[in-house]
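S.K.: This is the structure I have questions about; it appears just below.
The values are calculated or read from the model by the stated rules, or taken from the named source; none is laboratory data. Given the structure is predicted, the values throughout are model-derived calculations rather than measurements. Note that we place each Cβ from the backbone using ideal geometry, even for glycine, and neighbour counts take in every protein chain shown.
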Amino acid sequence: SVGSRLFFCHLHAEAHERRQKMKWGIDVSEHNQPLSWQSLKKQGASFIIVRLGWGKGHLDSRFYEQVNGVLAAGLELGIYYYSYALIEEEAAEEARFTAAVLKDCGLSKDRLPAGCWLDMEDADGYKERRGIAGREEITALCRSFLLEMEKEGYPSGLYSSCSWLEEKIHLPSLPKDTPLWCAQWGSTCSQPSARLWQFTSTLPLDGQLVDGDIMW
């Protein structure tokens with residue numbers, strides 16, 4: 001769309017030193033309306049990150065459909081998992097479920113060039129209502145999921161808002177070299193080491209508004 005082209009031109013101007021490596025894509029879940037993956041590829045999208053599931057063993061109802069469409073279009077695939085864990089063992093269970101689904105459908109880490117990601121946030125206040133709001137607690141949950149994914153053969157990164165990455169998660173306590181996916185609306189990303197940047201939730205594509213992402 002014209003709006004997305006203008007935005008990406010602006011991003012190139014803002015991040016001149018990274019522009020040669022910059023790719024853009026979107027992240028999706030069952031909440032998105034069907035998309036034309038081939039159309040997105042023609043518009044310049046390079047990757048799609050699909051929600052695998054959330055919480056205790058909940059598979060996203062459109063996971064397989066979206067994965068198959070992305071792969072058929074020749075787009076780079078990634079997956080993410082939204083955590084509702086309240087204790088470290090629950091986080092590890094979420095990781096084992098994620099890995100089991102990936103193995104069951106033949107998605108090795110080599111077939112996931114856009115990565116595996118833990119989505120750590122509290123969009124609906126679930127964690128806070130149950131007393132899980134401290135930095136030490138949140139960091140421990142992240143670490144448990146990430147370590148378990150590594151054991152399962154799927155080294156993973158961490159998605160969270162810029163404010164959570166700065167205030168709620170002690171990044172040095174995460175496994176070494178954990179990739180970061182930073183959510184921060186606007187024209188710049190405050191996490192200079194982030195591999196992925198979710199810059200908007202209102203990117204107009206194929207008649208709907210979607211989450212827009214930049215990868216370096």
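S.K.: I want to confirm something. Restricting to region 156-193 and keeping residues that are β-branched (Val, Ile, Thr) and within 30 Å of Leu107 (Cβ to Cβ), which single residue is surrounded by the fewest Cβ atoms within 10 Å (Cβ to Cβ)?
M.R.: Thr178
S.K.: Of the residues in region 121-158, how many are more than 15 Å from Ile79 (Cβ to Cβ) and part of a loop (DSSP other than H, G, I, E, B)?
M.R.: Total meeting the criteria: 10.
S.K.: How many of the residues making up region 23-50 are without any contact (Cβ under 8 Å) to a residue 60 or more places away in the chain and either part of a strand (DSSP E or B) or over 21 Å from Gly207 (Cα atoms) (or both)?
M.R.: Counting residues in region 23-50 that are without any contact (Cβ under 8 Å) to a residue 60 or more places away in the chain and either part of a strand (DSSP E or B) or over 21 Å from Gly207 (Cα atoms) (or both) gives 1.
S.K.: Follow-up. Limited to region 190-210, what total is found for residues that are outside any strand (DSSP E or B), within 17 Å of Trp117 (Cβ to Cβ) and free of Cβ contacts under 8 Å to residues at least 40 places away in the same chain?
M.R.: 3
S.K.: Here's a follow-up. What do you reckon, is Phe7 modelled with pLDDT under 95, among the aromatic types (Phe, Trp, Tyr) and surrounded by 13 or more Cβ atoms within 10 Å (Cβ to Cβ)?
M.R.: So Phe7 passes the test.
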